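Structure first, then comments.
The values are calculated or read from the model by the stated rules, or taken from the named source; none is laboratory data. On a predicted model such as this, the values are computed, not experimentally measured, just so you know. For neighbour counting, all protein chains shown are included, and Cβ atoms are generated from backbone atoms with ideal geometry for every residue, glycine included.
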Amino acid sequence: MTTSTITRPAGLHEFERTTSRWGRITMVAGLLLSLAGPLYIALFMDLGITLAHVITAYLAVATTFLVFAIVEPITYFPILGPAAMYQAFMIGNIANKLLPAAICAQGRIDAKPGTKQGDLAAVMGICGAAIVHLTSLLVFVGILGTWLLSAIPESVTEVARLYILPSIVGAVLVQAIASVKQLRPTLISLAVAVVVVFVVVPAVPALTYFGTALGVVATAVISWFARPRG
Amino acid sequence: MSSTFAAAAANGASTDIGAVANSPILWVFALGVFAVIFVQTLIYMKAARTAGSTVGLERKDLNRALRSGAISSIGPSLAVVLVAIALLALFGTPAVLVRIGLIGSVQTEVASATIASAALGADLGGPDYTQQVFAVALIAMSLSGGAWMLATLILTPLMKRGGNKLSEVNPAVMALIPGAALLGAFSTLVVSELPKSALGALTILVSTIVMAALLLLAKKLNAGWLKEWALGIAISVALVFAYFAHTATTA
């Protein structure tokens, strides 16, 4: 073990204080800004939008996603740690971009997930990802987007949409296995995933949106009880 | 331009989505979200650099971590960009930037917009997809995405307290759980993609094999830079494979 979770160096304490204070402040600001635009349209653009419209539409969406909005932060907390939570849920695209970046950063400097070094590496990795992502969005979507829309063949964007997740998750699983370097939890996670996807979810379709959460919790719990004890 | 904009904006039944969706006020708030994330990134980088030395991480290590995160996200970012461009006609640039590029993901946001439009009796992108429907869908997407942020704001401090308590009681738990949780998440993501389509499953296989080969090679050659580029290469190879296989089977 390269880390001690009980003794906390003062510098790390400061890091936690800064990130939880500023993480919260920036996230509240981001939340308000993301709501302000749509609210302005509804109130001042005279599109005939009523409160009934908004309630009807939001309730329909919330029925599908509200539970997910609560389950997902819980699912990713043990992986991201408190500091990166405020980054991840504002920058978005967590499973297909931010977690891969965090795992890659940890792997590059040989810091295991869950250690203090791992947490700092993850935060730096996500910062790097944020810089690249903000820049590429601004340039390729914000500035060049309309032109690219006419220049890129539809077959390319369609393949990107259909196969983006498959092309990322396989590679990231390999990266995760190489970075965690623990055979037993690896085998347990694969067995759990097969059971969740092919047995549990088909048997109880209501659990469809909880697949990942189930996989995370079951793998963590079983790995804990099956750990080698000396 | 501004006169057509005003005329169109006053008519909720118009299907000229762009007139509302690309309005300057939406741009201002969208760029505001960018600015907030940028500021957050700077604060976090500075905080991590200050804390690094106290846990035995040199500045060189932290810069490597930053660069790795940046390089490894080129592939995923460009993939997101491609999909975002395809959705510009439906939502306009500012909404695509904020909802799909940031905060949410393609899958949830498109699903939310579809559900919201359907609740108003319209098809997303169909002949009855009016400015009014777009605006209501955007509000519903934003409220729904906001729920994720609100849950993060409320739950993170609670879980942090729980985690700290757990690590005091039993330090071994915290050495095991994050790694196991990570493996659990990606194993489930991989396995749940498998039954969706045969070509999707093959694409996963390609990306898995390329990544494994690159990591072995990086270890053999002791080439750290290869670890940074591995994800981008794996994604590119897998997407190129999917493109040719997809066009071959649908042609």
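Of note:
- Counting residues in segment A:55-65 that are surrounded by fewer than 19 Cβ atoms within 10 Å (Cβ to Cβ), over 30 Å from A:L214 (Cβ atoms) and free of Cβ contacts under 8 Å to residues at least 40 places away in the same chain gives one or more.
- Qualifying residue in segment B:160-181 (condition: at the interface with chain A (Cβ under 7 Å from one of its Cβ atoms) and under 16 Å from A:V169 (Cα atoms)): yes
- Conditions (1) aliphatic (A, V, I, L, M); (2) surrounded by fewer than 18 Cβ atoms within 10 Å (Cβ to Cβ); (3) under 20 Å from B:S72 (Cα atoms): number failed by B:A201: (3)
- Scanning segment B:96-137 for residues that are among the charged types (D, E, K, R) and farther than 28 Å from A:M27 by Cα, we see that the one that is modelled with the highest pLDDT is B:D128.
- Which numbered condition B:I103 misses (of (1) in contact with a Cys (Cβ under 7 Å, 6 or more places away or on another chain); (2) on the phi > 0 side of the Ramachandran plot): (1)
- Residue check, A:A178 part of a helix (DSSP H, G or I), under 22 Å from B:A213 (Cα atoms), under 18 Å from the mean Cα position of the chain (by Cα) and not basic (K, R): no
- Just one of (1) at pLDDT 90 or above; (2) surrounded by fewer than 23 Cβ atoms within 10 Å (Cβ to Cβ); (3) within 7 Å of another protein chain (Cβ to nearest Cβ) fails for B:V190. It is (2).
- Residues of segment B:115-171 that are among the polar types (S, T, N, Q) and either within 21 Å of the chain's Cα centre (by Cα) or assigned to a helix (DSSP H, G or I) (or both): B:S117, B:Q131, B:Q132, B:S142, B:S144, B:T152, B:T156, B:N164, B:S167.
- Annotation note: of A:I188, A:I164, the sole residue that is more than 7 Å from chain B (Cβ to nearest Cβ), touching a helix residue (DSSP H, G or I) at 6+ places or on another chain (Cβ under 8 Å) and in a helix (DSSP H, G or I) is A:I188.
- Note on segment B:1-105: enclosed helices (runs of 4 or more DSSP H) holding 2 or more residues that are buried (at least 23 other Cβ atoms within 10 Å of the Cβ), touching an Asp or Glu at 6+ places or on another chain (Cβ under 9 Å) and outside the structural domain of B:A230 (by TED's automatic domain parsing) are B:24-52, B:59-72.
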